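Heads up: the structure comes next, in structure tokens.
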Amino acid sequence: MKTIENVDEALRVFEENSIIQAKTLETGNYKLGNKCFDDIMKCLSYLYKQGKMEMLEPFLSHENAGVRETAAYAYLYVCPQKGEDVLSEIANGNYGFLSINAEKTLKEWREGRLEFLFISNLQTSKQQLWDEYQRKFVEENDKAFKRHNKMSLWLLIPWGIAMIVCLKTGQLQMCMLVLALLFIIAYPMKKWMDKDSKDIKKKLNLWYQQMAEQQAKAHEAEDSQLKAQPMVYPAFESFAMADMESIVNEKDVCVAFYEYYGDHLYYIHYVDDKAKEIFVENAESHEIVSLDYDELDEYYQQLEGLSEMLDSLEVAYVGTISMEDFKSFLKQ
């Protein structure tokens with residue numbers, strides 16, 4: 001997508017892509033859905049940077065449920081109550097995948113795990129953080145070095161003058177006394193200098209640790225949110241979302257579903273409620289592998305367990321695929 005140049009363009013592109021993305025949920029065109037998602041986030045990011053997020057409010061009552069849902073997600077940042085109201089309406093309605101998405105978004109929001117992906121991540125990378133640490137370390141050490149030199153001059157100049165006077169007047173005993181005083185004063189001064197350097201390192205180490213922890217938490221939140229925002233769907237024309245109760249009653253059925261936190265697509269042939277043939281597709285690499293019954297998570301070994309996982313929002317997009325599509329895995 002080309003660079004967005006104004007608010008009107010951002011709103012237009014947001015609306016168009018929200019409509020298309022909603023359609024991809026039903027068609028299973030995950031590649032187009034992912035592209036639309038990226039374009040939507042770019043539009044929201046532009047509106048956020050321009051301070052124009054409130055311009056999304058008219059979309060909360062849009063005739064297309066996909067536009068309403070996406071606008072409501074963003075509006076949780078602007079006015080949480082309005083965003084929640086729209087998401088609740090969609091979650092409790094008959095909107096298929098959109099209802100599942102809305103329910104999941106509300107759950108993440110209410111549990112404090114929802115991340116607004118359109119807000120730029122201000123956390124630095126690990127390498128950038130380390131570079132900043134080194135820069136600060138050099139800067140602080142340079143300040144300390146100048147400070148130490150200044151203190152040393154205040155000590156050495158009077159001592160040098162005293163030594164010259166003592167040597168010229170032949171007062172060797174006084175010269176030895178001045179030299180002894182120098183060492184008496186210099187020792188605690190050296191200890192102070194060493195402590196100053198250690199304090200600098202200790203302070204910067206604490207700063208680095210705190211920043212690294214914040215960075216780690218930010219990445220964890222981002223990773224959790226990315227997994228909680230499923231953007232990959234069963235890529236079969238025959239895939240049809242189905243009522244779980246009707247699936248459980250089937251004696252011979254091929255089921256497809258997406259696992260939220262495992263980031264996998266499952267394709268399982270159930271016979272008499274038990275998993276008979278099992279294939280798993282990684283949502284990122286799209287690598288498909290076959291599993292034995294014992295390798296399958298126990299919750300998915302029976303349709304009844306899968307139903308429980310759906311109720312707990314651990315899985316989504318449960319539906320059926322044709323036997324012909326399922327057999328296509330056997331040929332791979």
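The values are calculated or read from the model by the stated rules, or taken from the named source; none is laboratory data. Here the structure is a predicted model, which means the values were calculated and not measured. Every residue, glycine among them, receives a Cβ derived from its backbone with ideal geometry; neighbour counts consider all protein chains shown. Accessible surface areas use protein heavy atoms only, side chains included; no ligands, DNA or RNA. Shrake-Rupley method; radii C 1.70, N 1.55, O 1.52, S 1.80 Å.
Here are a few things to note about the model shown:
- Estimated translational D of region 14-60 in µm²/s (Stokes, Kirkwood radius over Cα pairs; 4 °C; 1.567 mPa s): 116
- Rg [Å, one decimal], Dmax [Å, integer] - region 49-100, C-alpha atoms: 10.7, 35
- Cα gyration tensor, region 1-128 - rounded (a/c under 1.5), prolate or oblate: rounded
- Computed from the C-beta positions of Gln302 and Lys23, the FRET efficiency with R₀ = 30 Å rounds to 0.35.
- Extension gain, Arg113 to Leu32: 0.36 nm times the residue separation minus the Cα-Cα distance gives 26.5 nm.
- The heavy atoms of Cys79 present about 40 square angstrom of accessible area, all protein chains included, probe 1.4 Å.
- Fully extending the segment from Lys251 to Val78 would add 57.4 nm, taking 0.36 nm per residue of separation and subtracting the current Cα-Cα distance.
- Here region 1-122 is treated with +1 on each Lys and Arg Cβ and -1 on each Asp and Glu Cβ, and its dipole about the Cα centre works out to around 340 debye.
- Pairs from the list Lys107/Lys327; Lys82/Lys104; Lys23/Lys274 with a Cα-Cα gap above 28 Å: Lys107/Lys327; Lys23/Lys274.
- In region 45-75, GluC sites (Glu not before Pro) in a DSSP loop with at most 13 other beta-carbon atoms within 10 Å: Glu63
- The phi-based Karplus calculation (6.51 cos²θ - 1.76 cosθ + 1.60; θ = phi - 60°) puts the 3J(HN,Hα) values of region 85-91 at 4, 5, 5, 5, 4, 6, 4 Hz, whole numbers, x for Gly and Pro.
- Among the trypsin sites (Lys or Arg not before Pro) in region 1-67, those located in a DSSP loop and surrounded by at most 16 other Cβ atoms within 10 Å of their own Cβ are Lys2, Lys52.
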